[in-house]
Structures are given as structure tokens and as C-alpha cells.
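The values are calculated or read from the model by the stated rules, or taken from the named source; none is laboratory data. All values derive from a computational prediction rather than experimental measurement. All Cβ positions, glycine included, derive from the backbone under ideal geometry; neighbour counts span all protein chains shown. Accessible surface is based on the protein model in full, side chains and every heavy atom, while ligands, DNA and RNA are left aside. Shrake-Rupley method; radii C 1.70, N 1.55, O 1.52, S 1.80 Å.
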Amino acid sequence: MFIEGTNEKGVKVKKEWPALRFMPYWNDPKKPDPHYSTKGWVNAGLHQLPKKKVTLYNPSYGTQNRYSPYSGAIQMRDSFLIHAGPRNLSEEAWGSAGCVEIIGNFDNFKKDIAGLSGSTSKDAGDAISKLVKAGKLFVRVEYAIPPDIKKNFAGELP
């Protein structure tokens with residue numbers, strides 16, 4: 001994940017954050033999620049998204065499948081969000097339904113967005129909300145072929 005903006009000295013800056021993009025998602029055939037046409041195992045994630053204005057930031061969003069001390073989510077499209085993920089890649093029991101999950105301190109990720117936007121707000125979430133309201137926060141997902149998750153399965157338990 002890259003964040004691009006201008007620092008306080010007017011210099012263009014690009015910061016990099018590790019993130020999970022494609023993740024396995026179990027779309028239960030008995031109670032399927034209507035967002036997915038495929039039932040069973042889905043490799044969830046956006047293949048690409050052209051540059052577009054972010055229209056929603058939810059400051060109170062909390063991760064759905066696991067506790068995280070961080071809140072907030074930036075909507076890319078529909079139910080595809082950018083939000084907190086695991087502290088590191090060895091942390092277990094995280095899952096995704098296609099969201100981009102930031103690895104590490106999500107509050108610092110939000111501070112990087114605020115800092116590169118020229119915001120003077122003390123609260124990064126407030127700064128992001130103001131950017132979205134002003135139409136000044138953009139997101140783009142560059143094309144990628146998702147990995148074949150089923151090829152790596154050793155088996156399934158009933």
C-alpha cells in the first residue's frame with residue numbers, strides 16, 4: 001500500500017505500508033453472502049480499481065472477525081474497505097472478505113495520510129473525514145492476478 005502526498009516542506013513523498021490484499025473467504029453455500037456469486041472458498045479482493053474519490057470514511061468501524069485496538073475504515077468500493085489488520089504476519093486468526101488490511105499500527109497509517117494531506121488537525125481520523133468531505137482523498141488499486149488459493153490447500157475439514 002502506498003500513500004502519496006506532500007510533506008510540510010512542500011516535497012512530494014511516497015510512504016509504503018505492508019497490507020493484505022487477497023485473502024481466502026468461506027462463502028457458506030448454506031447461507032451464501034450475496035456479495036459473491038461463487039459459493040465455497042472465494043479468493044476475495046479487488047483485481048483493480050481505477051483512481052476514484054473516496055466517498056466514505058467510517059471512523060467507528062471495527063474489524064468483524066477479530067478484535068483490533070484500531071478503528072476506522074476507508075471505503076474503496078461497495079463493501080471493500082481499507083482497515084486495520086494484524087500487527088504482523090505471524091499473528092493468527094485474521095481473515096478477510098476482500099478488504100485491504102493494513103499490517104501494523106493502523107493509527108500511524110491514518111497519521112501518515114493526514115500528514116501528507118497538509119491537514120493541521122490533531123486527530124488523524126478527523127483529518128481523513130475532512131479530506132473525504134472535501135473530495136480530496138483518492139484511492140486506486142493497480143491490476144493484479146489473485147493467487148490460486150485452492151492450489152495450496154492440503155485438504156478441507158468437514
> What do you reckon, is residue 97 in a loop (DSSP other than H, G, I, E, B), closer than 14 Å to residue 20 by Cα, under 11 Å from the mean Cα position of the chain (by Cα) and hydrophobic (A, V, I, L, M, F, W, C)?
Replying inline: yes
> Is it the case that some residue within the range 116-128 is at negative phi, part of a loop (DSSP other than H, G, I, E, B) and hydrophobic (A, V, I, L, M, F, W, C)?
Replying inline: yes
>> Let me confirm something: among 151, 111, which residue is closer than 24 Å to residue 27 by Cβ, part of a helix (DSSP H, G or I) and open to solvent by 20 Å² or more (accessible area, probe 1.4 Å)?
In response: 151
>> For a quick check of your reading of the model, give me the residue pairs whose first member lies in the range 23-44 and is closer than 23 Å to residue 85 by Cβ, whose second is open to solvent by 40 Å² or more (accessible area, probe 1.4 Å) and of a type in the set (Val, Ile, Thr), with beta-carbon atoms closer than 8 Å and at least 6 apart or on different chains.
In response: 27/38
>> So, in the range 85-109, exactly how many residues are in contact with a Leu (Cβ under 6 Å, 6 or more places away or on another chain) and acidic (Asp, Glu)?
In response: 1
>> Between a residue in the range 132-147 that is among the acidic types (Asp, Glu) and any residue that is open to solvent by 60 Å² or more (accessible area, probe 1.4 Å) and not in a strand (DSSP E or B), which pairs come within a Cβ distance under 7 Å, given they are 6 or more apart or on different chains?
In response: 142/48
> Could you say which residue among 138, 106 is hydrophobic (A, V, I, L, M, F, W, C) and open to solvent by 20 Å² or more (accessible area, probe 1.4 Å)?
Replying inline: 138
> For residue 74, which of the numbered conditions (1) aliphatic (A, V, I, L, M); (2) under 11 Å from the mean Cα position of the chain (by Cα); (3) under 18 Å from residue 25 (Cβ atoms) fails to hold?
Replying inline: (3)
>> For the structure I just gave you, tell me whether residue 145 is open to solvent by 60 Å² or more (accessible area, probe 1.4 Å), more than 13 Å from the chain's Cα centre (by Cα), more than 24 Å from residue 15 (Cβ to Cβ) and at pLDDT below 95.
In response: yes
>> Name the single residue that is farthest from residue 152 (Cα to Cα) among those in the range 1-51 being among the acidic types (Asp, Glu) and out of contact with any helix residue (DSSP H, G or I) (no Cβ under 9 Å at 6 or more places or on another chain).
In response: 4
> Residues in the range 135-158 that are of a type outside the set (Ser, Thr, Tyr) and under 18 Å from residue 3 (Cα atoms): how many?
Replying inline: 8
> Got a sec? Which strands (runs of 3 or more DSSP E) wholly within the range 1-84 have at least 3 residues that are open to solvent by 30 Å² or more (accessible area, probe 1.4 Å), closer than 19 Å to residue 108 by Cβ and modelled with pLDDT of 95 or more?
Replying inline: 12-16
